[in-house]
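Below: one structure, written as structure tokens.
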Amino acid sequence: MAANVSMADLRKEIDKRLTDAFTTMIRRLADAGALRPGLDQKVEAERLYALVDGVILHALLRPGRTSNATARATVGAHLDQIAPASGE
């Protein structure tokens with residue numbers, strides 16, 4: 001990136017990279033059989049991105065309320081919900 005990049009351009013680049021990263025994560029979960037069948041991968045990538053983004057924002061704005069352990073547990077619970085049920 002150029003040294004004179006605007007904040008808007010930087011935000012767009014970060015958003016694109018994060019979107020790509022969460023899309024890749026969900027695709028890899030699906031490829032490994034670790035995503036519940038029938039889920040829309042694009043929607044799940046957006047949901048995971050939104051959840052992580054929100055948890056990070058809460059941790060930054062209210063560190064006494066949202067600890068690292070709470071953040072991990074929140075994201076972990078979501079991942080458990082989108083994982084296949086036992087026997088699937």
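Roughly how many percent of the accessible protein surface of segment 9-84 is carbon and sulfur, given a 1.4 Å probe and a whole-percent answer?
C and S atoms contribute 57 percent here.
As a test of reading the structure, rank His78, His58 by solvent-accessible area (1.4 Å probe, protein chains only), most first.
His58, His78
May I ask you to give the solvent-accessible area per residue for segment 1-57, in square angstrom, as obtained with a 1.4 angstrom probe?
For segment 1-57, the per-residue accessible area is 72 Å².
Using a 1.4 Å probe, how large is the accessible area of Ile14, given in Å² and rounded to the nearest 10?
Surface open to solvent at Ile14 totals about 80 Å².
Normalized C-alpha radius of gyration of the chain, against 2.2 N^0.38 Å?
1.29
Can you find, among Leu35, Leu57, Ile82, the residue sitting farthest towards the positive end of the charge dipole of the chain, where Lys and Arg contribute +1 and Asp and Glu -1 at Cβ?
Looking along the dipole axis, the top candidate is Leu57.
In whole Hz, what ³J(HN,Hα) sequence does segment 55-60 give by Karplus (6.51, -1.76, 1.60; θ = phi - 60°), x for Gly and Pro?
Once θ is set to phi - 60°, the couplings for segment 55-60 become 4, 4, 4, 4, 5, 6 Hz.
Which value at 222 nm does the chain reach when only helices count, each DSSP H run of 4 or more adding -39,500 (n - 2.57), with the total divided by all residues and rounded to the nearest 500 deg cm²/dmol?
-24000 deg cm²/dmol
So what does Asp53 come to for accessible area, using a 1.4 Å probe and Å² rounded to 10?
90
The values are calculated or read from the model by the stated rules, or taken from the named source; none is laboratory data. All of these numbers come straight from a predicted model, not from anything done at the bench. Cβ atoms come from the backbone with ideal geometry, glycine included; neighbour counts cover every protein chain shown. Please note that ligands, DNA and RNA were not included when accessible areas were found on the heavy atoms of the full protein model with its side chains. Shrake-Rupley method; radii C 1.70, N 1.55, O 1.52, S 1.80 Å.
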